[in-house]
Amino acid sequence: MQEPLIAGVELGGTKCVAILASGPDAIEEQVRVPTTAPAETLAAIEAVLDRWRGFAAIGVASFGPAGVARDAADWGQVTVTSKPGWSHTDIGRRWERRYGVPVGFHTDVVGAALAEARWGAAAGLADLAYVTVGTGVGVGLIAGGKPVDGLTHQELGHLRPVRLPGDDWIGVCPFHGGCVEGLASGPAIASRAGCKAENCAADDPAWNGVAHALGQLLHALVLTGVPRRVVMGGGVMTGATHLLPRVRTAMHKSLAGYSMLPEVAMADTFVVPAGLGESAGPLGAVLLGAQAFTAS
């Protein structure tokens with residue numbers, strides 16, 4: 001039985017990717033548009049969707065914070081965000097009305113996590129964490145094949161890590177200063193080291209704090225989310241391949257042997273690089289749309 005065609009939209013902070021597909025081997029078309037003001041951006045995406053028509057559902061993997069509880073008033077919205085003009089922008093219900101098809105809506109990291117579990121570095125696993133390290137730091141946590149949601153989605157990039165001894169750098173997060181995102185994101189690295197992550201030397205001292213903060217984040221994931229695998233992606237991870245081994249080491253050092261299951265102890269297979277690269281988000285949006293179609 002042929003899978004239905006889904007219109008997937010990865011709504012990112014700098015660009016959006018619209019994809020018409022049923023999977024990674026069945027992509028009809030893919031279009032990129034810049035993320036500018038909401039009216040302009042959504043109009044550009046809708047011009048693509050209008051041309052496609054005939055898709056069975058739409059999936060949206062959006063930057064956050066986002067309203068992901070289906071029965072909540074803010075479902076399908078970018079909620080309160082620091083991105084100018086985007087707070088309380090409705091997407092999910094707007095496209096349900098416009099196109100008359102089911103719409104699946106979640107965060108970009110959850111979309112990427114679902115895609116990595118289906119086709120990527122965690123294929124076949126129902127319990128995993130996808131960690132993106134780029135402009136921000138975010139986590140998509142999947143348990144039993146479904147996103148772990150409550151009132152809303154996780155914001156684990158804003159956990160406050162135990163700091164390295166003697167390190168009192170303030171960090172760049174406008175809310176928390178030295179949270180994981182404030183210490184390990186691309187803007188944090190640029191602020192502290194004076195260079196973009198992909199251009200910073202592997203022995204730059206700034207990487208010590210980055211690896212330490214991310215190791216602390218993985219410590220928290222091991223003890224709370226209990227993922228069977230942690231997949232790490234995003235621009236910082238792909239642009240600085242030397243970072244992943246250091247993060248594994250920092251995680252083990254932080255755990256200090258506590259609750260060290262055999263799977264966790266084998267860090268090379270427990271903490272792995274993303275397998276789908278930049279395609280994880282758009283393909284995740286396709287999966288969100290397919291789930292909405294199945295549930296309708």
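The values are calculated or read from the model by the stated rules, or taken from the named source; none is laboratory data. What you see is a predicted model; the values in this text were computed from it and never measured. Backbone-built Cβ (ideal geometry, glycine too); neighbour counts: all protein chains shown. Side chains are part of the model used for accessible areas, which takes the heavy atoms of the whole protein and leaves out ligands, DNA and RNA. Shrake-Rupley method; radii C 1.70, N 1.55, O 1.52, S 1.80 Å.
A few notes on this one:
- Selection within the stretch 20-53 - among the small types (Gly, Ala, Ser), without any contact (Cβ under 8 Å) to a residue 40 or more places away in the chain and either open to solvent by 80 Å² or more (accessible area, probe 1.4 Å) or within 23 Å of Thr294 (Cα to Cα) (or both): Ala26
- Scanning the stretch 195-239 for residues that are part of a helix (DSSP H, G or I), over 22 Å from Val162 (Cα atoms) and within 19 Å of the chain's Cα centre (by Cα) returns Ala197, Gly235, Thr238, Gly239.
- Selection count where residues are open to solvent by 20 Å² or more (accessible area, probe 1.4 Å), touching a residue at least 24 places away in the same chain (Cβ under 8 Å) and of a type outside the set (S, T, N, Q), scope the stretch 1-19: 5
- The numbered conditions (1) buried (at least 23 other Cβ atoms within 10 Å of the Cβ); (2) modelled with pLDDT of 95 or more; (3) within 19 Å of Val172 (Cα to Cα) are all true for Val247 except (3).
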